[in-house]
Structure formats: C-alpha cells, structure tokens
C-alpha cells in the first residue's frame, strides 16, 4: 500500500472565514445570554435555558477561537 | 610525523600483506575537491581477484588523523563511464578492527553485491567527506589579507592491496597557489593539480603531499544547530532552526574598519563572508529570520515550484573567529511531509541543515509530535543517537512527545530523508477545541453561579426582606405581562383567520380557529388568577396593582370586542352578505378594538418601565 499524504480535516484556506463566522455567531449568542441574565428576574430565570445558551455559545466561541489561532499562524 | 607514519606503514605492510593479497587494484582515480571548506574525495576503484577463492569484501584503510575528520563515507558500484554512469548499488560500509593492523590505521569493509570469482574485476566509487581538514595558514590574518589554506594527503592511494595504476587530481577554488609538493609526474592545469599516473606500487605505499593555496570560500561552521520540527495535524509542519555559527577560517587580528570594508568589501575583507543561502522545500511559508534582539531585515526570499531559497545576512560580515547566533523559522504544508501507511502515520523529513556548504559540529533534530502520539519509532539512513523528552506548548495538558536525534559532524551529504513512525487517533485532534470550549463554558458557568447566588450578609434585615418581596412582586408582574402578551398573540391569530376567510370564504376553518382560541384563552385566564390574587394580597404591589388590574380588564374588553367582531363576520359570511354590508356592521367594533389595543400596549409599556 502506497503511503497516503495526510491533510488537515478542514482546508487551511477556510480558517479565516470560519474564524470570523463562528466568532460572530458565538458573540451574538453570548450577547443574548447576557441580555437574558440582565433582564430576566432571578425568580423567572430558567437554569436549563441559561446552560444551553452558554453551552452553544462556548462551542461557537471555542471553535471560532481555534480557527482564529490557526489562521493567525499559531498551529496548536 | 611523516617519517613515523612511513615506518608504521612499512610495519603494517610486512605484517598484513599475506592475509589480504588476493585482491589487486587495477586502477584508482582519486579526485579531491577543495573548492569549499568541506573536502570531498571521490575514488573510483577497479579491483580484480587474483586469488583462488571468491572474494566478497574489499578493505579500505584510512589514517586515523583523517578518520577523525571523516564525516561521511559512501560506496556505490559504478557501471559505465562519464555521464552515462549509473549508480546501481549502494554498498554497505562497516568499520572493522582487523588483527595486526597498526593503531594509526582504520579499516572499513565494503561488501560486494556478489562474490568476485578468480580473474573477475569490479568497479566501485567511494566518496569520503572530511570536515576541518583544511588548515588555515597563516592562522591569523588582518582584515585586508587573503585566506590561505593547507591541505595534506598522500600522492599514492593508501591501500592494503597492490595498486597497478593510479592518479590523483586536486581541484582548487582559484588558480592562485602558494606552493605544492612536486614529485615525479606532477602537473598543474589552471586550478587543478595532477599527480600521476603511478604504476605498480606495493601495498601501503605513501608519499605525503602538501598544497598551500588561496581560498576565500566561507568557512561557516554551526557549532550547534537545533532543528525543531513541530507537527500540527491542523495542517502545518513548523520548523525552527537555532544556529550558532562561527567562521572557522583564518582568525582576524588587528582592528576591523567598517568604513574600509563598506567602501571596498572585496579588497578590505576578502576572507569574510556576508551571507548564507538556505535551500528550503517548495511551498514554504511564513519564513522569519531573527536573533535575540529581534527581526533581522537583511534577508531575501525566492520561491518557485521546485524550491524556496532564503538568503540571510548576519548583522555583520563574518570574519575568521567571529560568531553569530540566529534563528530561522518557516512553515511547511502538512501533506508534503506527513503520510499514512498501514495504520501508522509517519513524518518523512530531511536531516541536516538546509544552508549550503555548512558544517554542523553538533546537530540536534527535535521532532515534536502532537499530544496523544504513541508507538514512536525512527528509521534513519545512518546511525543517530536518539533520546526522548516532552514539551509543553499551546493548549497542552501532558506535553507533546519529542524525539531528539543527535549527530555530530554533519555535512550536506547527510541531507537525507529519515522517517518517524507513530500512531495517532483522529479523536485526539479534538483535544484543543474541547479545551477552548470548556474554558469558555467555565466562564459562563461562573457567571450563572454569580447571578444565582445570594450574597447579602444579613438575611433578616427589613430592607433585605422588602427587597426579596419586591423581587417576588416583580416576578409575578412579569408573568402577568407574559400571559397578556400571549393573549395578544391569540388575538392576532383570530384576526388572521378573518383575513383568510375574506380571501377564501371557508367558514369552517375560521370557526375551528375560534374554538381553539377560546380554549387557549380560558387556560391563560386560569393561569392568571392566582397571580392576580397574589398581587392583591401583597403590600409591596399596592402602588402597581391598579395598573395591572386595568391592564387585565382592558385586555378582557378587547377580547370581548374581538370575539363579537369575529362572530359578526362569520355570521355575515354564513348569510352570504356583501362586503360592504359586513364592513358597515363591524365598523363600530373595529374602532373600539383599535383604541383598546393602543391602551393595552401603553399599559404594557408603563409596567415594563418599572
């Protein structure tokens, strides 16, 4: 079997675009999280909603910052 | 010295010759290349078996003072002549300790691909590469002086066998030669000195020659080079090379005048070198060249599809004995160097420095594999000292496995590919993103906890209690508001159904919408009841209560009007009245509805602002 070259799972050229979009989405969700925290009253707040918003935001921010690092040349 | 060696050789010849006399060397052509600081000796040997038994090995001997500087020894079988020469076989060369051999000689055995029968002959090429064999003489020169070097060797090929015919060519960089040993059959052609041909010399013949010549070629020696290759499966091989370079040419004495050097660099500093050229692989990107102070701007980069060339200039011209330390780094595409074969991944990378004609005294090759790599093995074309360590880098928990390959006396001939095999599961790639994700999630959790925690000190003070009650009231009001807005949404639905009716004329659909709206509204009122009674009982809500109650009554009024309107319209459609007639009938309702809706909206806004 001939050796097969290994490539990255995501093409390098996509990193900047992915970083911008994922960070933008992540920041929007983060904003909605903080708006929810600030406007809803403690009694009416639902923990599940907070956790889900936080989790989704951190997934987007996590991948977004990873792609930001990769596109700026810090190959982790 | 020369005499002593002669005596030793004589002794060796006497002791040694009977054992190895089966072979005879028919012809030896030696070419010594002195055009750079690295001495390359290519010998073409034609050996013949004169004995009865088949021979499988050829013995090469070198004096130990040469072996000390021997960086690379390589033998190939050569067939054909000139450019048509094809290097078919690489022959294995092993150092050997033969009994009876004087300590000043070191032997290497070359294994032939097939036994050599009686009377058969075989031609092989031997390449020997020496470092630090050219001695500057004089050892110290001034800025304006040219550099003179001394090279010592033997005019006769040192061999344990009888040599029938031989010649030696010494190739010098320039035609300017201070002196050279003249023996019989010595000729000078331009910058080449030719010794020979000499015929029928006994084993271990020796005739020392010395060549003293001018060479201003760079004597760049990296005393230590650390090459760090870091693999990222996200698509990059990052190479960082730490150089510690010295010019091992004639040392400079006296003062250095920058002005004179700048004005006439070739006259006032011929022995120095100003730049180094590194030949990097194609598709190299993000190249940098810096030292401890920062970026060094004097560098140039050319690239095409075959290679990338980097020319770097140290901060000052490098005169003999001067040192400099710098770092170059570059990124390479992953797919050019990392491969997968039989479930294992391997890195295929070149050993040695990419800089042209540089000698590396000690080379440390560090291969940093990604976290989570296992079963690491190295295969290299020559013996290398191997050790391990771990390195903590970006987003690491336990550190990345590092393989350190160490080799001393490295020449450009060592730029051969070696392989590092390892296993790695694709899931390990998700470590870094998961770390980032959990990092962010931790921040969110912290904020949620902070918002949920009650951090007031006195839990029984009146102000605290009042605050708690007020918060409760606020929460209830918010719920009321929520219910009201849901009611309004139901109203919207009803209006929409009316519009559908006017468009399609299907009464049945409209009626069913009405039915479901009725039940939803009923439930919402049920939900609202306890909230309102709570507000009525709470003292804190006293000032806001009228507004809330007003909101609820207005909403109910609005709803009634809407229902009446809905009923009327549906009725009219059932009776098949004209559009104008319907409009007349609902006109009065419609106006009230608009007014009421406005009032409800205003009230909602007012309560919201509290």
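The values are calculated or read from the model by the stated rules, or taken from the named source; none is laboratory data. This one's a predicted model, so the numbers in the text were calculated from it and none came from an experiment. No Cβ is skipped: glycine too gets one built from the backbone with ideal geometry, and neighbour counts run over all protein chains shown.
Data overview
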| item | result |
| --- | --- |
| Pick from the range B:324-338, criterion touching a strand residue (DSSP E or B) at 6+ places or on another chain (Cβ under 7 Å) and not in a strand (DSSP E or B), ranking: farthest from the other protein chains (Cβ to nearest Cβ) | B:337 |
| In the range A:22-33, residue farthest from the other protein chains (Cβ to nearest Cβ) [restricted to those that are surrounded by 15 or more Cβ atoms within 10 Å (Cβ to Cβ) and over 17 Å from residue B:438 (Cβ atoms)] | A:25 |
| Residue that is farthest from the chain's Cα centre (by Cα), among those in the range B:188-209 that are surrounded by 19 or more Cβ atoms within 10 Å (Cβ to Cβ) and within 23 Å of residue B:177 (Cβ to Cβ) | B:198 |
| Selection count where residues are assigned to a loop (DSSP other than H, G, I, E, B), under 42 Å from the mean Cα position of the chain (by Cα) and surrounded by 15 or more Cβ atoms within 10 Å (Cβ to Cβ), scope the range B:134-145 | 2 |
| Meets criteria (in contact with a strand residue (DSSP E or B) (Cβ under 7 Å, 6 or more places away or on another chain), within 14 Å of chain A (Cβ to nearest Cβ) and surrounded by 19 or more Cβ atoms within 10 Å (Cβ to Cβ)) for residue B:247 | no |
| Residue check for residue B:239: at pLDDT 90 or above, under 30 Å from residue B:430 (Cα atoms) and in contact with a strand residue (DSSP E or B) (Cβ under 6 Å, 6 or more places away or on another chain) | yes |
| Whichever residue in the range A:66-76 is within 8 Å of chain B (Cβ to nearest Cβ) and not in a loop (DSSP other than H, G, I, E, B) and, among such residues, is surrounded by the fewest Cβ atoms within 10 Å (Cβ to Cβ) | A:69 |
| Count - residues of the range B:339-371 that are within 13 Å of chain A (Cβ to nearest Cβ), over 17 Å from the mean Cα position of the chain (by Cα) and in contact (Cβ under 8 Å) with a residue 40 or more places away in the chain | 2 |
| The range B:412-430, subset in a helix (DSSP H, G or I), in contact (Cβ under 8 Å) with a residue 12 or more places away in the chain and more than 9 Å from chain A (Cβ to nearest Cβ), residue farthest from residue B:70 (Cα to Cα) | B:428 |
| Selection count where residues are surrounded by 14 or more Cβ atoms within 10 Å (Cβ to Cβ) and either in a strand (DSSP E or B) or in contact (Cβ under 8 Å) with a residue 60 or more places away in the chain (or both), scope the range B:171-186 | 6 |
| Conditions (1) surrounded by 15 or more Cβ atoms within 10 Å (Cβ to Cβ); (2) without any contact (Cβ under 8 Å) to a residue 40 or more places away in the chain; (3) at the interface with another protein chain (Cβ under 8 Å from one of its Cβ atoms): number failed by residue A:63 | (2) |
| Unique residue being touching a helix residue (DSSP H, G or I) at 6+ places or on another chain (Cβ under 7 Å) and in contact (Cβ under 8 Å) with a residue 24 or more places away in the chain when the list is B:154, B:104 | B:104 |
| Residue within the range B:229-243 that is over 20 Å from the mean Cα position of the chain (by Cα) and either under 19 Å from residue B:373 (Cα atoms) or surrounded by fewer than 21 Cβ atoms within 10 Å (Cβ to Cβ) (or both) present | no |
| Checklist (1) within 25 Å of residue A:48 (Cα to Cα); (2) over 59 Å from the mean Cα position of the chain (by Cα) applied to residue B:479, failing item | (2) |
| Odd one out for residue B:349, checked against (1) modelled with pLDDT under 95; (2) in a strand (DSSP E or B); (3) within 22 Å of residue B:386 (Cβ to Cβ) | (1) |
| Residue match in the range B:306-323 (condition: within 14 Å of chain A (Cβ to nearest Cβ) and either over 28 Å from residue B:377 (Cα atoms) or over 17 Å from the mean Cα position of the chain (by Cα) (or both)) | no |
| Considering residues of the range A:9-21 that are surrounded by 12 or more Cβ atoms within 10 Å (Cβ to Cβ) and part of a helix (DSSP H, G or I) only, the residue nearest to the other protein chains (Cβ to nearest Cβ) | A:12 |
| Members of the range B:372-394 found to be within 14 Å of chain A (Cβ to nearest Cβ), surrounded by 14 or more Cβ atoms within 10 Å (Cβ to Cβ) and assigned to a loop (DSSP other than H, G, I, E, B), listed by number | B:372, B:373, B:393 |
| Total residues in the range B:454-483, condition assigned to a loop (DSSP other than H, G, I, E, B) and more than 10 Å from every other protein chain (Cβ to nearest Cβ) | 7 |
| Of all residues in the range B:194-235 being in contact with a strand residue (DSSP E or B) (Cβ under 9 Å, 6 or more places away or on another chain) and closer than 30 Å to residue A:9 by Cβ, the one that is farthest from the other protein chains (Cβ to nearest Cβ) | B:227 |
| Any hit, the range A:43-57, residues being within 10 Å of the chain's Cα centre (by Cα), more than 9 Å from every other protein chain (Cβ to nearest Cβ) and free of Cβ contacts under 8 Å to residues at least 40 places away in the same chain | yes |
| Qualifying strands (runs of 3 or more DSSP E) (wholly inside the range B:1-91; at least 2 residues being at pLDDT 85 or above and surrounded by 15 or more Cβ atoms within 10 Å (Cβ to Cβ)) | B:23-33, B:39-49, B:55-63, B:70-79 |
